[in-house]
Amino acid sequence: MLDARWWQRGIVYQIYPRSFMDSNGDGIGDLSGIRSRLPYLAWLGVDAIWISPIYTSPMADFGYDVSDYRGIDPRFGTLDEFDALVRDAHATGLKVILDFVPNHTSDQHPWFVESRASRESAKRGWYIWRDPAPGGGPPTNWLSEFGGPAWEWDAATGQYYYHAYLKEQPDLDWRNPEVRDAMLSVMRFWLDRGVDGFRVDTIHHLIKDSELRDNPPNPQWKPGMPPHRKLLRLYTTDRPEVHEAVAAMRRVLDDYDDRVLIGEAYLPFDRLMAYYGQDLSGMHLPFNFHLIGAPWDARAIAEIVREYEAALPQGAWPNWVLGNHDKPRIRSRVGAAQARVAAMLLLTLRGTPTLYYGDEIGMCDVPIAPGEVQDPFEKNVPGLGVGRDPERTPMQWGGGAGAGFTTGRPWLPLAPDADRTNVEALRGDPGSILSLYRALIALRRAQPALAVGAYAPLAAGEGVLAYAREHGGRRLLVLLNLSSRPRRLALAAGASGARVLLSTGLDRAGERLDEAVELRPDEGLIAEAPGAPG
Ligand code: NOJ
């Protein structure tokens with residue numbers, strides 16, 4: 001495994017561009033801002049940045065509604081600034097991954113404008129237009145992910161169009177070869193400009209049932225759950241033909257050197273594995289989101305890891321995610337103390353970790369007052385807690401009015417604790433969560449066992465998650481106390497005499513562990529088993 005690819009060994013850092021760094025004082029982050037913060041990312045030690053969409057967009061869904069796939073939205077900058085960012089990132093040793101949004105365009109995209117103009121339009125078949133149901137009304141019962149029906153009536157041409165998300169995000173018809181060709185050529189455009197890969201948005205939505213069958217009701221739905229969950233998305237997601245489309249994307253990437261294809265799909269493990277493709281001809285990394293919804297419990301997490309490891313096809317590379325721009329932040333889910341344990345988990349499991357910006361400084365979800373809501377999901381479905389603004393607030397670089405993010409008025413409020421929880425303050429504190437992230441990243445780089453080693457679960461008592469990572473004769477033990485009580489863990493005979501490399505408290509390195517380890521509340525340890533070289 002020493003010949004592992006950069007995306008296997010490396011750590012991906014997700015940047016939500018509106019919120020990372022604003023260089024021009026308009027309160028919205030931009031490409032030049034990201035560029036100015038590359039030295040920070042190099043200092044942190046990550047290997048790649050994935051930037052959420054930066055293309056020309058009316059911003060109905062903050063960039064996930066693209067009106068020009070080859071343009072940069074002026075709010076984010078220009079193509080020249082993009083090229084400069086890629087150049088500098090590469091010079092710094094960082095790869096650049098773009099978001100690719102193939103499922104839908106903006107309703108302002110010239111393709112849709114043309115498609116909508118008449119039933120005879122040459123682009124009519126690029127989107128999913130259907131007549132009303134025989135008795136009138138939408139063609140099927142399909143629901144939008146963001147509330148309401150997924151079909152929008154177009155009075156001028158007397159048909160409905162399908163949108164899995166907002167009505168401003170009409171779905172492309174990926175069964176149409178012209179659509180495929182057009183979208184694959186968009187990928188080439190960015191690959192030719194030097195990007196190192198794509199995170200592909202909502203990949204499981206790409207193909208819908210050709211027979212347009214109604215989705216069945218979800219027996220688990222209860223009031224209080226988002227309305228789209230009322231139906232099981234049997235005929236609108238994860239259709240078998242999607243894998244041909246994924247393989248076509250992969251073939252494009254394979255024409256280039258060493259690029260990566262990452263897919264976003266919230267699916268159970270058995271369905272997710274199909275996205276690696278026949279003989280691994282699909283996604284390099286179908287995102288594994290299972291830690292995001294997991295109960296924070298040692299046994300439950302051990303079971304998730306076991307199931308995932310067991311389900312992986314031969315040769316498929318694993319990956320792990322704790323959070324992203326659509327989900328509550330890890331620190332808000334598990335608390336400040338366990339956020340440190342979570343960091344150790346993410347950076348020691350077998351597989352590529354994706355780190356969400358700001359988690360490394362322990363950013364929290366920020367409460368958003370009703371008048372400040374930006375997210376269209378929250379606006380459409382208010383009061384159920386589905387809003388995504390809380391996890392999208394500006395990065396906290398320093399103290400003061402704009403937290404070092406902007407000199408203007410930030411597009412979302414800053415966290416109330418930004419004066420304390422920021423890069424400047426935590427960087428100089430050797431015990432901070434930022435110092436812990438940096439130490440974990442450095443250790444992962446220094447220890448092939450952590451980056452590419454084999455994984456083996458270890459027996460552990462109540463509240464503790466324990467496993468070994470092994471490579472080239474070196475065996476590292478990872479012991480995570482997921483509880484807030486002290487725990488004592490007996491070490492197997494061969495592990496007695498292990499030496500601590502890192503603790504979440506950053507204060508036990510070098511300590512020798514004998515037959516038993518005392519783990520403090522909320523403490524994680526990485527130790528090297530004896531008998532290892534060096
Ligand atoms: C998934 C993205 O992560 C989310 O932010 C977006 O709203 C939907 N896909 C629609 O593109």
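Computed quantities for the displayed model
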{"quantity": "Residue within region 285-299 that is in contact with a strand residue (DSSP E or B) (Cβ under 8 Å, 6 or more places away or on another chain), of a type in the set (D, E, K, R) and open to solvent by 10 Å² or more (accessible area, probe 1.4 Å) present", "calculated": "no"}
{"quantity": "Test for G385: is it under 30 Å from P58 (Cβ atoms) and either part of a loop (DSSP other than H, G, I, E, B) or more than 16 Å from the ligand (Cβ to nearest atom) (or both)", "calculated": "yes"}
{"quantity": "Scope region 310-347; condition surrounded by fewer than 17 Cβ atoms within 10 Å (Cβ to Cβ) and closer than 25 Å to A456 by Cα; matching residues", "calculated": "A310, A311, P313, Q314, G315"}
{"quantity": "Among the candidates R409, R350, residue that is assigned to a loop (DSSP other than H, G, I, E, B), touching a residue at least 12 places away in the same chain (Cβ under 8 Å), open to solvent by 30 Å² or more (accessible area, probe 1.4 Å) and in contact with a strand residue (DSSP E or B) (Cβ under 6 Å, 6 or more places away or on another chain)", "calculated": "R350"}
{"quantity": "Residue match in region 218-230 (condition: surrounded by 15 or more Cβ atoms within 10 Å (Cβ to Cβ), closer than 17 Å to T352 by Cβ and either free of Cβ contacts under 8 Å to residues at least 40 places away in the same chain or in contact with a helix residue (DSSP H, G or I) (Cβ under 8 Å, 6 or more places away or on another chain) (or both))", "calculated": "no"}
{"quantity": "Region 316-336 residues that are assigned to a strand (DSSP E or B), paired with ones that are within 16 Å of the ligand (Cβ to nearest atom) and open to solvent by 50 Å² or more (accessible area, probe 1.4 Å) (beta carbon under 9 Å, 6 or more apart)", "calculated": "V321/K327"}
{"quantity": "Only listed residue being within 16 Å of the ligand (Cβ to nearest atom) and either surrounded by 24 or more Cβ atoms within 10 Å (Cβ to Cβ) or not basic (K, R) (or both), chosen from A122, A164, A89, A156", "calculated": "A164"}
{"quantity": "Residue in region 424-437 that is farther than 30 Å from L477 by Cα, over 25 Å from the mean Cα position of the chain (by Cα), open to solvent by 10 Å² or more (accessible area, probe 1.4 Å) and in contact (Cβ under 8 Å) with a residue 12 or more places away in the chain present", "calculated": "yes"}
{"quantity": "Residue that is modelled with pLDDT of 95 or more and open to solvent by less than 50 Å² (accessible area, probe 1.4 Å), where the choices are S23, S52", "calculated": "S52"}
{"quantity": "Count of region 483-534 residues which are among the hydroxyl-bearing types (S, T, Y), surrounded by 14 or more Cβ atoms within 10 Å (Cβ to Cβ) and touching a Pro at 6+ places or on another chain (Cβ under 9 Å)", "calculated": "2"}
{"quantity": "Candidates I128, I203, filtered to the one that is touching a residue at least 40 places away in the same chain (Cβ under 8 Å), under 22 Å from P240 (Cβ atoms) and within 13 Å of the ligand (Cβ to nearest atom)", "calculated": "I203"}
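The values are calculated or read from the model by the stated rules, or taken from the named source; none is laboratory data. Given the structure is predicted, the values throughout are model-derived calculations rather than measurements. Heads up, the Cβs are rebuilt from the backbone with ideal geometry, glycines too, and the neighbour counts pull from every protein chain shown. For accessibility, only protein heavy atoms count, side chains too; no ligands or nucleic acids. Shrake-Rupley method; radii C 1.70, N 1.55, O 1.52, S 1.80 Å.
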